[in-house]
Structures are given as C-alpha cells and as structure tokens.
Amino acid sequence: MTKTTLSRRGVLKSGAVAGAGLALPTIFTASSAAAFTNEPTGGTVTLGFNVPQSGPYADEGADELRAFELAVEHLNGEGGGGMMNTFSSKALKGNGIMGKKVQYVTGDTQTKSDAARASAKSMIEKDGAIMISGGSSSGVAVAVQGLCQEAGVIFMAGLTHSNDTTGKDKKANGFRHFFNAYMSAAALAPVLEKLYGTDRQAYHLTADYTWGWTQQESIQAATEAMGWKTVNNVLTPLAQTDFSSYIAPVINSGADVLVLNHYGGNMVNSLTNAVQFGLREKQVNGKNFEIVVPLYSELMAKGAGQNIKGIVGSQNWDWKLEDDGTKAFVKAFGEKYGFPPSQAAQTCYAQTLLYADAVERAGSFNPCAVGEALAGYEFDGLGNGPTLYRADDHQCFKDVLVVRGAENPQDEFHLVEIVEVTPVEQVTYDPEHPMFAGGNLGECNPGA
Amino acid sequence: MLGLNRKDTAILLVVAALAIFAPIILNLFPARSELAFFNAGYPDLMQRFVIFGIFAIGFNILFGLTGYLSFGHAAFLGVGSYAAVWMFKLLNYNVVPAILLSIVVAGLFSVVIGWISLRRSGIYFSILTLAFAEMSYRLAYSVLTPLTNGETGLQVYTDDPQVLMQAGGHIVPHLFGLEMRAREVIDVGPWQFVFPVGYYLCAILMLVSFYISIRIFRSPFGLMLRAIKSNQTRMTYTGLNPKPYTLAAFVISGMYAGLAGGLLASMDPLAGAERMQWTASGEVVIMTILGGAGTLIGPILGAGTIKYLENVFSKMNEGLLHKWFAFLPDWVESPVIWVVSKFTGEGWHLMLGGLFMLVIIALPGGLVEGGQRIMRLFGRKPKAETRTSTEPAE
C-alpha cells in the first residue's frame, strides 16, 4: 500500500542516521564523583515525604504530612522538641541533621504503585532527597521500597501493615516502624478468646490485595489455633464502596463472627453496611453476632461514627497512652494543629526522628552506614515503650494495643478505648516464620 | 529526506532536535535557584515525556485519522508492561527481547479486542473498548494475580529464573550491557544538565515511531483511513470494505501503546495494574485532544504538557507557596495561597481540567492551533501545505 522509494543513496543516508543514533548513548556512561546517591554537600539536607494526598487514604496522608512537618521543625530546633526530649538516644541536638538544616519535599502517591514510584523518583532525581518516607498502603510501600533499594537511598516506611513489607519483599535499604498483620493477629487472638470464647464460626471479608491477604491469613491462623472455625473468606475489590451484596450472604452462612479485613474508607463502608443489616443484634448458634476489625485507627473510627461502638481491633499506638514520649508528642502536635495525632502520624514522626538519629550516630548520610546504625538498634521514649529494630528483617518489635470502640465517647477524640497492651514477647516471631519466609534483604545499596 | 517531503522533513528534524537537546531545554533554570522547581530535565520525567509521546502518537493514528475514539488504549500499555517485566523475570534484564515481546503481545491483544469492538462504530465502539480495558484492569488487579502480582505490581525478584542471566550480570535493565539508568551529569556554571541513557533510547524509538507515523499519514493507506473518518457509508458504497483498514489502524496504534508500555517497564522494572485503569485511557485521549488530534506533532505536545503538570504542579505544597508569596502582606497572602493551593499540589487535576476546557473552547484544534494563531499574529502566513498537514480534528 505504501509506496516505497528505496534508493542506494537513501539507504546509505538513513543507515548513517540510524548508526549515529545508536552510537549516541554509548558516549554517556555512568560516572559520578559522589560516594553515594544524593550526598548532601551544602548546608541543607532534603528528605522526601511521599504520602497519599488523593484517593481512599487521603486522610491518613494528610495526618502523616502534619507529623513530618512537625518532625522537621523539631529537628531544626524550632518548636518544643517533642519526642526528641524523651527519646533514649541523645544524639539529636536540634541543629538539623549533622549540622545541616533539614528541608523537605512532598509528593502524592495517589495510593497507586506507579504514581508513587514516579513521585519518589522525582524526589530522588530532581530534588536530591536522601531519604524517602511515608505511604499509606502496603502495595505502595513495597513498590517504593524496591525503588529506593535500586536508587540507593533509605526508605523509612510509613503506614504499611502487610507482612510482606518486612517479609517476602524486605529490602536492605527499607525499614518499618509500624506493626504488621501477624502482630495484630497475635495480639488480638487472646483477647478474642477471652471475649467471645473458643467455639466460633468466622466469616472473613477481605480487601483483595497484598495487605488484605496477609491480614486474613494471619487472623485465620491465629483464631483457628484457639479453636475457631473459618466458614468462608470472600475477597472484595479495593475500589468497592457498597458492601451490601457481600454482607447479605453472611447472614445465612451460619457464621457468628464477621472479620472485616478492610482499612480506611473500605472499612468505614463495610462496617456501616454490616451494622445497617442488623448483624450486631443477631443471635447465631445461641451467641451474639460479633464483628472484628483487626486493624483500627482513630480516623476510621471517626468515619464509622456510631457503628464502631464495642468493636474490637488492634492499633500500633494511641494518643491516650500514658508514657512520657506519647505525652510530649501529643502536646507538641496538639499545640500546632489543635487536635491529637493519629497512629499514622506517630509512626511517621518516629521514623523521621529514628532516621535523623541514625545518621548522627553513624556520622554519615551514607545509606549503608545509616542502615548499620538502625539494624539491631534498641531505643525507648518514642511512645511505644522499649523497641527493637530487628537486624534480620528491619522490623520494629514493640507492644501492640488491643482497642475497642467506646460505648459513650466524651468527644470525637475518645472514640477508641484501650482494652489491653499486649507485651512485645507475645507478638515476636521468628524471621523465618512461614508467613514471612522467602524474602532476602540483600546487600545495602549506596547507589552512585 | 527518507521519502518525506520538505515540510515533513522539517517537522521531523524539529522533533529530533527537541528530543536530542531536551535535557538542556528542560533545565532552563540554574540548579540552585528558586526557579529550579520548574525544571523538568530529570531522567524520569524526560522519559515519561517521550514514552507518553509514543503512546499518543499511536493513539492519534487511530483517533486522528479514522475518528474511532478508543477509550481503552491503556489496556495495551499495561499488557506491554507486563510482557516486558515477564521477559526480565524469565530471561534477563536486556531490554531488547522485552520491548519486542511487549509490541507483539500488545499487537495480538489489540487484534482480539479490535476485531470485536470494530463491529460497531461511534459511541458503541468507545464503550466496548472502555469495557474491555476495565475488564483487563480488574483481571490484572485481582483475578490474574499469579500473572500480574495484583495490587503490588509485577516486580523482578532475585529468585526468578532469569535463564540468560550470567553470574555478576546486570541487575538493572540494560541494552547489551549499557545500563538504562546510567547518566552523564554536566555542570555548566550554575546549570546542571543530566543526559540519561534510558532517555536517549526512548527518544530514538520515539523518533522512529514519529517517522513511521508521518509515513502512514502521507500514504495511500492513510488516505483510506481519512476516508473512513469523513464518510464511511460512501466508502462502503464505492465497494470498499473499511473493516480491514480500521482493524489495521487499531492494531498499529495498539502496538504503539505496547511499545510505550514496554519502555515504561524498561525504564523502571515494575508493572502496576493502574496503568490499565480507565483514567489512564482517558489521559491519552486528553493528551491527543489537548495537543491537537489529527495533527502530527500535537499528541507529543499534549503528552508533554500533561506529564509536566502532573509531575511538577502536583509537588507544589503549601509550604512552598508560603515561601513564594512571602513578599505579600498577610491579609493578601492567605487568600492568594488559598486560591492557588486549590490548583496545585493534590489539586493539579483541577488545573488540568481548567486548561483542557480552555483549549477545547478557545482552541478546538488544540495547542497546535494555538501555535498557528501565534504564528499568524506575527505576520507569517502559513503556507497552504501547512494547513493540510496540521488540519485539526473535526
């Protein structure tokens, strides 16, 4: 169809152009004088805060960003210093990090792996960020952690609860302070046994992605170990907003416990639907029907309103804890923003301080030196009690809270009450536990 | 040159020059200055410019020439990405098999979808393609998780087979040993220019794609496609069967999308299901219309504009705005920042929407028409030739 006009001269010319084009990239080869990616040279150091500003986890993202801003203020010696005063390590002086003033850039992950990686890349390539933190979903955290490993910067994970982040997908450059699905299950199981007995039929609704699966797997394993039976597990799409069609079959399934492996807006919607269907007033097998939400947060409780009353779940941290670190943080956060912080804010704040402190102790911004300073590090005073950053998988080990929706909350900040603080020994697991096996930290990568 | 007339050769050379010197053109502002925020000359964004340029060029062959509006082209992009990452997982990190397979797989996929969807035209065709793409997205997101790794996205793990991988081989995508992320950084005074290898590979492929697209536009085949757009019924009555032509155009543009997907994966070896979502399909439609559908250079301009807005404006946070508007008195600053912040940061979509409406209403021919009007304003009457080659979509 196309008329081709091949002449000898034409072919030669196009050949030459093509050859020149192919040769072009070989002129440029990797070379850099810096010892590692984005070595800070001036009087400032740049951190990248990559949080969801749109999409289902935008509320969490906004709170994370507040915490990051507060942490940067405290690192630079502005504000009261917050948890820097209660932190067991005294390496931080309030003069930035190693005397360099801390700057930050922000980006929107949109809770999509692709968008999150694009945003993190622009922070690393354009803004010269030496550390990336944030994230409100495990898919995003795993994707960005992989990117940071390749690029040679440190990733301080924010809100990510999936076992995979420090299990199957763990990376030498990635660190997680937040707890995980296994820990939730290990902390919840004894409380569930105490409250609801050992003879229960559980029905799971699970968000259909990495976090949902590992959460469901963990809860099922922990509850079956104490004698519960699992009737069914139904996967729901992440974008689902109306769960009526998923709730209806629960009623006739013979189950007497509904486990909602949902988070954020998903959980608010599924719980609301479940309560509207009258599940909480039902009697099945001669027992009260119960609903369990393994991962809880104040923000979700606010979204679910009345429906959250009496529902049990687990949390990484709560602002109503009584230790000095928590008090100092809640005071600083409350003074700046006028309301108490969420657990997402606390983990992001703690991660930023931990990173800065590790740099000070290592005496270098080199990701390998920082990683070495963080691995196996024991600290206290950041709100969770004595905590260990385990060297085997870069996961923090600390107490886990079991909480319940308050029956008569005095205001919107007291929607959740602490039932029990599960000690760290009970939630500790072997790094080679089957739910975490298969991963490999690999070598730390300083890039450049 | 290369079988093109003078006018088209000029366009090709302009695009080539823009592509080659992009690292300099896009880093207009010195690296440490305040305005450096507006620089776009970093590897990831430059690669996105040309990759989405390829995507939009391909889309324009279907939409610009035949007028068939596909709302599901992102599916081919996604399929291409998955194919490429699977090549990395099974063979090794060489990008050549990955890119080839991504084109082939996207081509096959578009034959199937095209064959079914093209039984209808107009809005029904658009809805069919949209349905197929959304179906692919849902499948990739959950049902086909063993194949796509679901929400987390398909990644390469150290325990993947990688049968062609030798000990100590490259662990990042490379072209026969030349790593995609390798780059040369040149400092000229306060300016800093980055010349990444990956970008130049994408740019060369973009130029090849652009050249092929020009040849299609100027060929008898292209004329047939235009005939389908202007009056398909008349074409049928003259005894021509439009179906093979539309299917060919559909498959060609699907292969372009596959190439773009393969390149995305080659620059960053991760394939996420969101790449197939309907918003991604809508994006390429907006790119093409914003730049000027049916024009040669329009899609590239549209792709560049949108990616620039997405990556630069979405990073303007309130802290930054406070810094910029600090010179204003407080009572002016707060409302100004309040307004501006609605259009930047997470509000960049609003900015894009506004710009899109402005272009559709004031410049139906897209940015290309804007350029032409400015040219006319400065007294340079476009030659008759120019008008035929850049006639906007109807």
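The values are calculated or read from the model by the stated rules, or taken from the named source; none is laboratory data. Computed from a predicted structure; not experimentally measured. Every residue, glycine as well, gets a Cβ built from its backbone with ideal geometry; the counts of neighbours run over all protein chains shown.
Close contacts from the range B:119-141, counting a first residue that is in contact (Cβ under 8 Å) with a residue 12 or more places away in the chain and a second that is assigned to a helix (DSSP H, G or I) and among the charged types (D, E, K, R), with Cβ to Cβ under 8 Å and a gap of 6+ residues or different chains, come to B:137/B:274; B:141/B:151. Annotation: residue A:346 fulfils all but one of (1) touching a residue at least 24 places away in the same chain (Cβ under 8 Å); (2) more than 30 Å from residue A:291 (Cα to Cα); the unmet one is (2). Does residue A:377 fit the bill of being of a type in the set (Ser, Thr, Tyr) and under 22 Å from residue A:142 (Cβ atoms)? For residue A:377, the condition - of a type in the set (Ser, Thr, Tyr) and under 22 Å from residue A:142 (Cβ atoms) - is not met.
Restricting attention to the range A:333-362, the residues being among the small types (Gly, Ala, Ser), surrounded by fewer than 24 Cβ atoms within 10 Å (Cβ to Cβ) and in a helix (DSSP H, G or I) number 2. Residues in the range A:230-248: is at least one under 25 Å from residue A:429 (Cα atoms), modelled with pLDDT of 90 or more and in a helix (DSSP H, G or I)? No: zero hits. Kindly indicate whether residue B:25 is surrounded by fewer than 24 Cβ atoms within 10 Å (Cβ to Cβ), under 21 Å from the mean Cα position of the chain (by Cα) and free of Cβ contacts under 8 Å to residues at least 40 places away in the same chain. Taking the combined requirement at face value, the residue satisfies it. The set of residues from the range B:149-160 being surrounded by 12 or more Cβ atoms within 10 Å (Cβ to Cβ), more than 7 Å from chain A (Cβ to nearest Cβ) and either within 12 Å of residue B:89 (Cα to Cα) or touching a His at 6+ places or on another chain (Cβ under 9 Å) (or both) comprises B:154, B:156, B:157, B:160. Here residue B:92 fulfils each of the conditions (1) of a type in the set (S, T, N, Q); (2) within 22 Å of the chain's Cα centre (by Cα); (3) not in a helix (DSSP H, G or I) apart from (2). Are any of the residues in the range A:196-203 part of a loop (DSSP other than H, G, I, E, B) and closer than 20 Å to residue B:152 by Cα? Scanning the range A:196-203 turns up no residue that is part of a loop (DSSP other than H, G, I, E, B) and closer than 20 Å to residue B:152 by Cα. Which one is surrounded by the most Cβ atoms within 10 Å (Cβ to Cβ), of the residues in the range B:278-292 that are of a type outside the set (Val, Ile, Thr) and in contact with a helix residue (DSSP H, G or I) (Cβ under 8 Å, 6 or more places away or on another chain)? The selected residue is B:292. Within the range A:222-236, does at least one residue satisfy the condition of being within 14 Å of chain B (Cβ to nearest Cβ), buried (at least 24 other Cβ atoms within 10 Å of the Cβ), out of contact with any Cys (no Cβ under 8 Å at 6 or more places or on another chain) and closer than 30 Å to residue A:167 by Cβ? No, the conditions are met nowhere in the range A:222-236. The C-beta contact set for the range B:314-333 (first residue away from chain A (no Cβ under 14 Å), second residue surrounded by 14 or more Cβ atoms within 10 Å (Cβ to Cβ) and in a loop (DSSP other than H, G, I, E, B), distance under 9 angstrom, 6+ apart or interchain) comprises B:324/B:316; B:332/B:325; B:333/B:325. Per the conditions (1) in contact with a Gly (Cβ under 9 Å, 6 or more places away or on another chain); (2) in a helix (DSSP H, G or I); (3) hydroxyl-bearing (Ser, Thr, Tyr); (4) more than 30 Å from residue A:209 (Cα to Cα), the sole criterion not satisfied by residue B:281 is (4). The residue that is farthest from residue B:84 (Cα to Cα), among those in the range B:161-184 that are surrounded by 16 or more Cβ atoms within 10 Å (Cβ to Cβ), of a type outside the set (A, V, I, L, M, F, W, C) and within 12 Å of chain A (Cβ to nearest Cβ), is B:184.
Screening residue A:47 with (1) in contact with a strand residue (DSSP E or B) (Cβ under 9 Å, 6 or more places away or on another chain); (2) at positive phi gives one miss only, at (2). Remark: residue A:412 matches the filter, which requires a residue to be under 30 Å from residue A:268 (Cα atoms), surrounded by fewer than 19 Cβ atoms within 10 Å (Cβ to Cβ) and not hydroxyl-bearing (Ser, Thr, Tyr). Looking across B:211, B:245, one residue alone is under 21 Å from the mean Cα position of the chain (by Cα), more than 9 Å from chain A (Cβ to nearest Cβ), surrounded by fewer than 24 Cβ atoms within 10 Å (Cβ to Cβ) and among the hydroxyl-bearing types (Ser, Thr, Tyr). It is B:211.
Here's the yes/no breakdown for (1) under 16 Å from the mean Cα position of the chain (by Cα); (2) surrounded by 24 or more Cβ atoms within 10 Å (Cβ to Cβ); (3) not hydrophobic (A, V, I, L, M, F, W, C):
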residue: B:11; (1), (2), (3): no, no, no
residue: B:17; (1), (2), (3): no, no, no
residue: B:38; (1), (2), (3): no, no, no
residue: B:47; (1), (2), (3): yes, yes, yes
residue: B:51; (1), (2), (3): yes, yes, no
residue: B:62; (1), (2), (3): yes, yes, no
residue: B:74; (1), (2), (3): yes, yes, no
residue: B:77; (1), (2), (3): yes, yes, no
residue: B:81; (1), (2), (3): yes, yes, yes
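A quick yes/no check of all residues on (1) within 19 Å of residue A:437 (Cα to Cα); (2) charged (D, E, K, R); (3) assigned by TED's automatic domain parsing to the domain that holds residue A:243; (4) touching a strand residue (DSSP E or B) at 6+ places or on another chain (Cβ under 8 Å):
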site	(1), (2), (3), (4)
A:148	no, no, no, yes
A:157	no, no, no, yes
A:165	yes, no, no, yes
A:168	yes, yes, no, no
A:172	yes, no, no, no
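Using the structure shown, decide if residue A:371 is in contact (Cβ under 8 Å) with a residue 60 or more places away in the chain and under 20 Å from the mean Cα position of the chain (by Cα). Against the criterion (in contact (Cβ under 8 Å) with a residue 60 or more places away in the chain and under 20 Å from the mean Cα position of the chain (by Cα)), residue A:371 qualifies. Hey, does the range B:248-261 have a residue that's crowded, with 20+ Cβ neighbours inside 10 Å, facing chain A (nearest Cβ under 9 Å) and touching a helix residue (DSSP H, G or I) at 6+ places or on another chain (Cβ under 6 Å)? No, the range B:248-261 contains no residue that is crowded, with 20+ Cβ neighbours inside 10 Å, facing chain A (nearest Cβ under 9 Å) and touching a helix residue (DSSP H, G or I) at 6+ places or on another chain (Cβ under 6 Å).
If only residues of the range A:182-221 that are crowded, with 24+ Cβ neighbours inside 10 Å, within 26 Å of residue A:396 (Cα to Cα) and of a type in the set (A, V, I, L, M) are counted, the one that is nearest to the other protein chains (Cβ to nearest Cβ) is A:207.
Scanning the range B:25-67 for residues that are among the hydroxyl-bearing types (Ser, Thr, Tyr) and within 11 Å of chain A (Cβ to nearest Cβ) yields one hit, B:42.
The condition (being over 19 Å from residue B:107 (Cβ atoms), within 13 Å of chain A (Cβ to nearest Cβ) and touching a helix residue (DSSP H, G or I) at 6+ places or on another chain (Cβ under 8 Å)) is satisfied by just one residue among B:74, B:16: B:16. For first residues located in the range A:119-134 and more than 9 Å from chain B (Cβ to nearest Cβ) and on the phi < 0 side of the Ramachandran plot, partners that are in a loop (DSSP other than H, G, I, E, B) and of a type in the set (Val, Ile, Thr) and lie 6+ apart or on another chain with Cβ distances below 8 Å form the pairs A:129/A:153; A:130/A:37; A:130/A:153; A:131/A:153; A:132/A:153.
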